[in-house]
Amino acid sequence: MRSVIMMITSKGQITIPKEHREALGLLPHTDVEFERVGDELRVRKATGSVRGEKLIDAMKGKSTLSMTTDEIMRLTRG
């Protein structure tokens, strides 16, 4: 694949060109990891997502109610 020059926005964002996203299977909401090697920044598809783990860790101990899974399911399903 050819090299592509992209500009970083004021928010620090870049757009990964479509041909590269498709070649690597980078779909919307895909986790990626960054690795700095010397003066290069390497981006690759993450091997494992920690998003769910972070969410669960953030929610632990926050509940003020004690409910069973069945009770929660009944509430969420109307």
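The values are calculated or read from the model by the stated rules, or taken from the named source; none is laboratory data. Model, not experiment: these values are computed from the prediction. Backbone-built Cβ (ideal geometry, glycine too); neighbour counts: all protein chains shown.
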Which listed residue is on the phi < 0 side of the Ramachandran plot and at pLDDT below 85, from LYS11, LYS60, LYS18: LYS60
Qualifying residue in segment 60-70 (condition: farther than 21 Å from ARG2 by Cα, of a type in the set (Asp, Glu) and either touching a residue at least 24 places away in the same chain (Cβ under 8 Å) or surrounded by 10 or more Cβ atoms within 10 Å (Cβ to Cβ) (or both)): no
Subset of segment 20-41 (residues that are surrounded by 10 or more Cβ atoms within 10 Å (Cβ to Cβ) and not aliphatic (A, V, I, L, M)): HIS20, ARG21, GLU22, THR30, ASP31, GLU33
Count - residues of segment 15-31 that are closer than 12 Å to ARG44 by Cβ and part of a loop (DSSP other than H, G, I, E, B): 5
Matching residues, segment 32-78, being closer than 30 Å to GLY12 by Cβ, of a type outside the set (A, V, I, L, M) and assigned to a loop (DSSP other than H, G, I, E, B): GLY38, ASP39, THR47, GLY48, SER49
Top-ranked residue of segment 42-56 - restricted to ones that are at pLDDT 75 or above and among the β-branched types (Val, Ile, Thr), ranked as surrounded by the most Cβ atoms within 10 Å (Cβ to Cβ): VAL43
